[in-house]
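K.L.:
So that we are looking at the same thing, I have put the structure below in structure tokens.
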Amino acid sequence: MTPGARRLALTALALGALACSNGRTAPVDARASGASAQPAPAAESGAALEGGSAAPGAGGPTAALPPNEMGVIPVLEYHIIQDKVFDEFERPPARFAQDLEDLYRRGYRPVNMSEVLDGKIQSLPKGVSPVVFTFDDAAPSQFAYVGSPASVDPKSAIGMWLEFQKRHPDWGSRAVFCMLPAASAGHAFFGDKGIAGQQTAWRLIKVKWLADHGFELCDHTLWHARLDKYPDTFVQEQLARGQMAIDSAVPGYKVHSMALPLGMWPKNKPLAWQGSWTNPKTGQTISYHFDAVFEVSGNPNVNPHLPGFDPHRVHRQIMSGNALEATLNRLDKPGPGSRYISDGDPKTVAKPAAVAQAAPAGAAKP
Ligand SMILES: [Zn+2]
């Protein structure tokens with residue numbers, strides 16, 4: 001790396017301008033859509049709501065559409081949770097809380113990416129659809145304490161998640177946190193140096209808390225380096241040290257996923273998911289091997305049963321404006337590209353006739 005490039009990257013992060021964008025324009029400018037997104041009535045959105053109809057053991061709403069385990073799984077992307085919205089990277093707390101409500105009412109339940117890849121979603125109750133939440137950049141607004149670790153900030157994403165779980169116990173502790181251990185402006189395991197009231201000593205406590213409660217820890221490099229700009233050795237150092245930092249909070253933790261800063265690939269693409277780095281000071285070699293690589297944008301393309309599915313190219317959607325509502329309405333339309341809905345039987349893969357007759361690979365194309 002060059003000191004100049006590093007300084008530029010850190011400065012951009014400090015200004016809140018970097019986040020994870022690859023320059024794509026958000027589907028809808030969040031500033032232009034003040035109204036909260038309500039799920040469209042079933043007749044308008046292509047069906048799918050069956051409010052109050054609980055699946056056995058689920059205790060909450062389920063999808064009205066038939067089971068479809070060839071369907072796609074939405075992967076949502078959040079950055080900063082705050083009222084002031086500058087662009088697509090901020091989500092007001094009230095809108096985030098509404099996102100949870102909307103997903104729940106439509107029959108979605110959160111899962112980790114690792115559970116998608118290892119087949120655990122096959123055990124979801126009948127009528128339930130999986131959704132993967134991802135949180136990038138380890139901002140304090142994702143997970144903040146008020147005064148001490150005994151008190152989670154109710155306006156942080158985790159605070160709202162916990163409050164939601166009290167009302168809906170079948171909403172699990174499942175989401176993927178793609179973290180930076182050492183970026184500026186508090187983007188260091190959810191805050192340090194008093195930024196946003198967060199103490200440096202709380203960083204590893206938070207990371208361990210997430211793992212202990214079932215959330216997935218994901219590598220987003222050491223300080224949000226643009227991996228396309230650096231040589232192979234540097235790319236591997238960024239990812240290996242990101243993994244090392246997670247390991248220092250949760251010794252032995254197996255990191256299954258990474259997110260590309262700015263959605264930019266390294267020149268040598270496979271280094272995004274596999275590589276190693278030797279610490280010149282200690283001689284210790286750190287290897288990493290991630291099952292999933294998160295990109296920044298694209299249409300939903302996740303389901304291991306889909307022909308052509310590539311876990312190293314997982315598309316996500318930035319949650320700004322009414323992007324969630326638009327995505328969910330699209331996934332409620334029957335046919336290829338519709339959403340995954342469990343049949344409640346871990347041993348079978350439910351394929352509705354409309355999906356089986358169409359070319360399933362089409363559902364995976366952006
Ligand atoms: Zn990022």
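K.L.:
Taking only segment 280-313 into account, find how many residues are surrounded by 16 or more Cβ atoms within 10 Å (Cβ to Cβ) and of a type in the set (G, A, S).
P.N.:
3
K.L.:
Then there's this: What number of residues within segment 178-210 satisfy the criterion of being under 19 Å from H79 (Cα atoms) and touching a residue at least 40 places away in the same chain (Cβ under 8 Å)?
P.N.:
22
K.L.:
Would you be able to say whether some residue in segment 180-187 is within 16 Å of the ligand (Cβ to nearest atom), within 18 Å of the chain's Cα centre (by Cα), at pLDDT below 95 and closer than 19 Å to L204 by Cβ?
P.N.:
Yes, the conditions are met somewhere in segment 180-187.
K.L.:
Here are some residues: H256, H289. Which one is over 17 Å from the mean Cα position of the chain (by Cα), modelled with pLDDT of 95 or more and away from the ligand (no atom under 16 Å from the Cβ)?
P.N.:
When all the criteria are applied, what remains is H289.
K.L.:
Inspect segment 125-132 for any residue being of a type outside the set (A, V, I, L, M, F, W, C) and within 17 Å of the chain's Cα centre (by Cα) and give the result as yes or no.
P.N.:
yes
K.L.:
Considering only segment 217-234, state which residues are touching a helix residue (DSSP H, G or I) at 6+ places or on another chain (Cβ under 6 Å) and closer than 12 Å to C178 by Cα.
P.N.:
Within segment 217-234, L217, D219, T221, L222, H224 qualify.
K.L.:
A further question follows. Got a sec? Which of F234, F190, F177 is aromatic (F, W, Y) and touching a strand residue (DSSP E or B) at 6+ places or on another chain (Cβ under 6 Å)?
P.N.:
F177
K.L.:
Of the conditions (1) surrounded by fewer than 23 Cβ atoms within 10 Å (Cβ to Cβ); (2) more than 17 Å from the chain's Cα centre (by Cα), A225 clears all except one; give me its number.
P.N.:
All conditions are met except number (1).
K.L.:
So how many residues does segment 114-146 have that are touching a residue at least 12 places away in the same chain (Cβ under 8 Å) and more than 16 Å from the ligand (Cβ to nearest atom)?
P.N.:
Residues flagged as touching a residue at least 12 places away in the same chain (Cβ under 8 Å) and more than 16 Å from the ligand (Cβ to nearest atom) within segment 114-146 amount to 20.
K.L.:
If you go through segment 151-193 one residue at a time, how many are under 25 Å from P261 (Cα atoms) and loosely packed, with under 15 Cβ neighbours inside 10 Å?
P.N.:
Qualifying residue count for the region: 1.
K.L.:
Residues to consider are A353, A364; find the one that is buried (at least 18 other Cβ atoms within 10 Å of the Cβ) and either at pLDDT below 95 or out of contact with any His (no Cβ under 9 Å at 6 or more places or on another chain) (or both).
P.N.:
After applying the criteria, what remains is A364.
K.L.:
Restricting to segment 211-248, name every residue that is without any contact (Cβ under 8 Å) to a residue 60 or more places away in the chain and β-branched (V, I, T).
P.N.:
T221, T233, V235
The values are calculated or read from the model by the stated rules, or taken from the named source; none is laboratory data. Note that the structure is predicted; figures quoted are calculated from it, not measured. So basically every Cβ, Gly included, is an ideal-geometry build from the backbone, and we count neighbours across all protein chains shown.
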